[in-house]
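Trainee: Can you read through this structure? Questions will come right after.
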Amino acid sequence: VLALIGVEGIGADDFFTTVDAMLDEPELGPVNLPQGRSLFAVLKKFGLVRKHKGQIVLTKRGQSAERDASMTWSVIVEGVPVAPGGSQRAVELLVLLAVAAGMSPADRHRFVAGALESIRSSSILMAGAQAPRRDTSGSTVEVLGLIGATGYELGKFGSKADSPWAVHLARAILRR
């Protein structure tokens, strides 16, 4: 996506349309979600892009990340949100653990669904910050999907498998 934006930048409408097309799953038909806008919010939160005169342009950090894969990796690991507390944090950590363990999407779904009963009945896990804000950059699960870590790979239509680097990303996020 950083290469799509490039040195010159890209018109915001072109960016949103292109990213929406890349993220749609053809077998489901068009997905009526503002995925391009959500991905832009994530990239902006990561400090990689900004909007300037109707164009989406790379920041200096974004230009460095576009050239250096290790910097891109660091930005993503540090930028993926994890809820500060409560049941949302518990669910997000469960998902990260399941991805880090290399569980298939179907096994991961069963694991998380089964664990939710324990989470809901635990006063300790339900206590704490409930993350009242609804940030446009989304939850851990949404961000992992938008960056192509879970469920499908950006630009590879129809794939239901996780990206091969998803396990390493989830482990790195859990270590931080």
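The values are calculated or read from the model by the stated rules, or taken from the named source; none is laboratory data. Fair warning: this is a prediction, and the values are worked out from it, not measured in the lab. As a convention, Cβ positions derive from the backbone with ideal geometry for all residues, glycine included, and neighbour counts pool all protein chains shown. Accessible surface is based on the protein model in full, side chains and every heavy atom, while ligands, DNA and RNA are left aside. Shrake-Rupley method; radii C 1.70, N 1.55, O 1.52, S 1.80 Å.
Trainee: Apply the Karplus parameterisation 6.51 cos²θ - 1.76 cosθ + 1.60, with θ equal to phi minus 60°, to every residue of the range 43-56 and state each ³J(HN,Hα) to the nearest whole Hz, in sequence, with x for glycine and proline.
Mentor: Karplus values, whole Hz, x for Gly and Pro: 4, 5, 4, 6, x, 9, 9, 8, 9, 9, 6, x, 10, 9.
Trainee: Sticking with this one: Which one of Val57, Ile76, Leu94 has its Cα pushed farthest toward the positive end of the charge dipole of the range 44-94, where Lys and Arg give +1 and Asp and Glu give -1 at the Cβ?
Mentor: Val57
Trainee: Could you report the accessible area of His52 in Å², rounded to 10, computed with a 1.4 Å probe on the protein chains as they sit in the structure?
Mentor: Per-residue accessible area (His52): approximately 80 Å².
Trainee: Can you list the residues, at least 5 places off or on another chain, whose amide H is less than 5 Å from the amide H of Thr59, using H built in the peptide plane?
Mentor: Val49, Arg50
Trainee: What FRET efficiency comes out for the pair Glu78/His52, r = Cβ-Cβ distance, R0 = 22 Å, nearest 0.05?
Mentor: Computed FRET efficiency for Glu78 and His52: 0.35.
Trainee: Here's a follow-up. Calculate, for Asp68 and Thr18, the FRET efficiency according to 1/(1 + (r/R0)^6) with r their C-beta to C-beta distance and R0 30 Å; round to the nearest 0.05.
Mentor: Computed FRET efficiency for Asp68 and Thr18 comes out at 0.80.
Trainee: Name the trypsin sites (Lys or Arg not before Pro) in the range 40-119 that are in a loop by DSSP and that have at most 15 other C-beta atoms within 10 Å, would you?
Mentor: For trypsin sites (Lys or Arg not before Pro) across the range 40-119 that sit outside H, G, I, E and B with at most 15 neighbouring Cβ atoms in 10 Å, the list reads Lys53.
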